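The values are calculated or read from the model by the stated rules, or taken from the named source; none is laboratory data. The shown structure was predicted, so the numbers you read here are calculated from the model rather than taken from an experiment. Note that each Cβ is placed from the backbone with ideal geometry, even for glycine, and that neighbours are counted across all protein chains shown.
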Amino acid sequence: MSDSLFNSLSTRHLRMDFMGGLTSAVVALPLALAFGVASGAGPTAGIYGAIFVGLFAGLFGGTAPQVSGPTGPMTVVMAGVFTSLQVTYPETGLVMGFSAVILAGLIQIALGMLRLGKYFILVPYPVISGFMTGIGIIIIILQIGPMLGHVGVSSLTTSLTSVPEWLQSISWPASMLTLLSISVMYLWPSRLSIWCPPPLAALLIGTVCALLWLPLDAVPVIGDVPSGFPVPHWPVFTLDALGSLLYAGMLLAVLGAIDSLLTSLVADNLTNEHHDSDKELIGQGIGNTVAGFFGGLPGAGATMRTVVNIRAGGKTGYSGATHSLMLLVIMLGVGRYAAHVPLAVLAGILIRVGIGIIDWPFFQRLGKLPVNTVALMMTVLLMTVFVDLITAVLVGVFISNLITVERLTCIQLDHVQLTDGTDAKGSGRPIDEQRLEIHQGEVLLLRLDGPLSFGVGRGLRKSLSGYASYRLMIIDLTGAHLVGASTAMILDELVRAELAKEREVLLVGVSKRTAANLSRFGTLECLDESRVLLTISDAIDCADELLLASSS
């Protein structure tokens, strides 16, 4: 982690940072309004989240041109948090939800200070693809109500069960506004995007059309939007709700970390620079903590806004801070005009966001991907949609690790050589193996090369079952340069099992580090010093003597 407290800040690029921040603020405004409404906390929560997370993550983060604010994944989780808390605590549920945001920020700061940032980008691609696609689907489903002219809900189950009822009383003006908004997002000319990005164009065109051609109150609108500076409030919680708040805070912190650091990788690819993962987590944590105190939604590094910022010339953390200050100015000046924005227009913007989050390239390659990869992705997707995100990620990572261990075991077993010297001369094997041939299967050579994981133990025992007549085993560790705790446990179990069957065991090429690890389990103490030899030639000589003495 960099020793500097602040992000990569430089006054040399102030003009470019200003342009990048201004452009990304224009993109962020309609998205922040839409995310605020979708969360159930109101449009101002989305704006305040964009202002505070963007400002502090830009100043203290570890990715120079990154622009942060509320994102689709964070909004989906936050909507669920608000809903569950308000059901249990009707009077204080909303404020308690912001207390979860504060906890999430503090957890992210702790993760960054513990230097755990690098581990969040090690989540396997099928897991990331599955839960991001699941979140995209959730966003789309939650907008069905506003698209049909009804009040939106924050529960996926409620939204799905309400569809038949909504279809019986469709508001066609609302549906047309949603389709118009989606069409503008897709068809807006790229040459105009510099001056008016597609989300803002959809917001303006949809709102103007509603004002000009629809009767008053024909479609639901945002309503009054406070335009003053937010008032800070202290977190509210009760002991019986502490468990729920900690769970929500951890969920938001982990999701925000993954979301931000993946966007950091995108920024690295565009700028040929390298971000500081731990510092980025600290910056995001500070931003989310402050946002929680001021009633703002939690945020993360936003891919769309970051890319827009970079393409507009943003170079340093000042661009993210500028984006926040511009949003604050807009909020203070024109916030009251946002009251006329139809919810159906915001639904169209969010549906386009949801479609963009879905990992379409993965589905295009389904026929070319291994079955286990596709099954893992679909498992995480379904668990994200129908269970919850944190369970989906944990199960996905667990299954992925099992698959990885199995593959590593197969690779490591390829470096384990077992032979009793049978037909060694005829096949041109090395001299030491040819010397084993005279014992006619009574001596078994086990040669280890490279590290072994604990999963190799089962495969090794299965391989040994094919040799039943040997009376002496030589374990050659000359090529095993790394014998850690797992490998030492495997060897200890093997040696003790062979001794229990009254077989002789000889160890060859035991280094000082290997000897130290084996001594922890008492392996070397089970053997006579004469059974620990330097070379394979010495071991075969010893084997000759032991077998001869046994026969006599």
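Residues of region 386-425 that are among the aliphatic types (A, V, I, L, M), farther than 30 Å from residue 77 by Cβ and not in a helix (DSSP H, G or I): 416, 418, 424. Look at (1) at pLDDT below 90; (2) under 30 Å from residue 155 (Cα atoms) and you find that residue 78 fails only one, number (1). Looking at the structure I just gave you, is residue 194 over 16 Å from residue 341 (Cα atoms), surrounded by fewer than 14 Cβ atoms within 10 Å (Cβ to Cβ) and free of Cβ contacts under 8 Å to residues at least 40 places away in the same chain? Criteria not met by residue 194.
Collect the residues in region 65-79 that are in a loop (DSSP other than H, G, I, E, B) and in contact with a Gly (Cβ under 6 Å, 6 or more places away or on another chain), keeping them in residue-number order. Within region 65-79, 65, 66, 67, 70 qualify. If only residues of region 432-471 that are over 18 Å from residue 499 (Cβ atoms) and β-branched (Val, Ile, Thr) are counted, the one that is modelled with the highest pLDDT is 438. Selection of helices (runs of 4 or more DSSP H) fully inside region 433-552 by the criterion of at least 2 residues being farther than 18 Å from residue 415 by Cβ returns 485-500, 512-520, 536-551.
In this entry, residue 350 passes the filter for residues that are under 30 Å from residue 231 (Cβ atoms), in contact (Cβ under 8 Å) with a residue 24 or more places away in the chain and surrounded by 14 or more Cβ atoms within 10 Å (Cβ to Cβ). A search for C-beta distances below 8 Å between a residue of region 40-69 that is on the phi > 0 side of the Ramachandran plot and any residue that is surrounded by fewer than 24 Cβ atoms within 10 Å (Cβ to Cβ) and among the small types (Gly, Ala, Ser), counting only pairs 6+ apart in sequence or on different chains, returns 40/154.
Taking region 121-145 as the range and being buried (at least 21 other Cβ atoms within 10 Å of the Cβ) and either among the aromatic types (Phe, Trp, Tyr) or not assigned by TED's automatic domain parsing to the domain that holds residue 70 (or both) as the test, only 131 passes.
Any idea which residue in region 308-331 is farthest from the chain's Cα centre (by Cα), counting only those that are polar (S, T, N, Q) and assigned to a helix (DSSP H, G or I)? Ranking the qualifying residues of region 308-331, first place goes to 322. Counting only helices (runs of 4 or more DSSP H) wholly contained in region 80-152, the ones carrying 2 or more residues that are in contact with a Pro (Cβ under 8 Å, 6 or more places away or on another chain) occupy 93-113, 125-142.
I'd like to know if region 205-226 contains one or more residues that are of a type in the set (S, T, N, Q), surrounded by 15 or more Cβ atoms within 10 Å (Cβ to Cβ) and either outside any helix (DSSP H, G or I) or touching a Cys at 6+ places or on another chain (Cβ under 9 Å) (or both). Within region 205-226, none of the residues are of a type in the set (S, T, N, Q), surrounded by 15 or more Cβ atoms within 10 Å (Cβ to Cβ) and either outside any helix (DSSP H, G or I) or touching a Cys at 6+ places or on another chain (Cβ under 9 Å) (or both). Any residue at all in region 152-165 that's within 29 Å of residue 385 (Cβ to Cβ), without any contact (Cβ under 8 Å) to a residue 24 or more places away in the chain and surrounded by 18 or more Cβ atoms within 10 Å (Cβ to Cβ)? Taking every residue of region 152-165 in turn, at least one turns out to be within 29 Å of residue 385 (Cβ to Cβ), without any contact (Cβ under 8 Å) to a residue 24 or more places away in the chain and surrounded by 18 or more Cβ atoms within 10 Å (Cβ to Cβ). Tallying residues that are closer than 18 Å to residue 29 by Cα and at pLDDT below 90 within region 167-197 yields 6. Taken over region 236-289, the criterion of being farther than 20 Å from residue 101 by Cα, surrounded by 22 or more Cβ atoms within 10 Å (Cβ to Cβ) and of a type in the set (S, T, N, Q) is satisfied by 263, 264, 277.
Within region 477-534, the set of residues being within 25 Å of residue 405 (Cα to Cα) and touching an Asp or Glu at 6+ places or on another chain (Cβ under 8 Å) comprises 479, 480, 518, 521.
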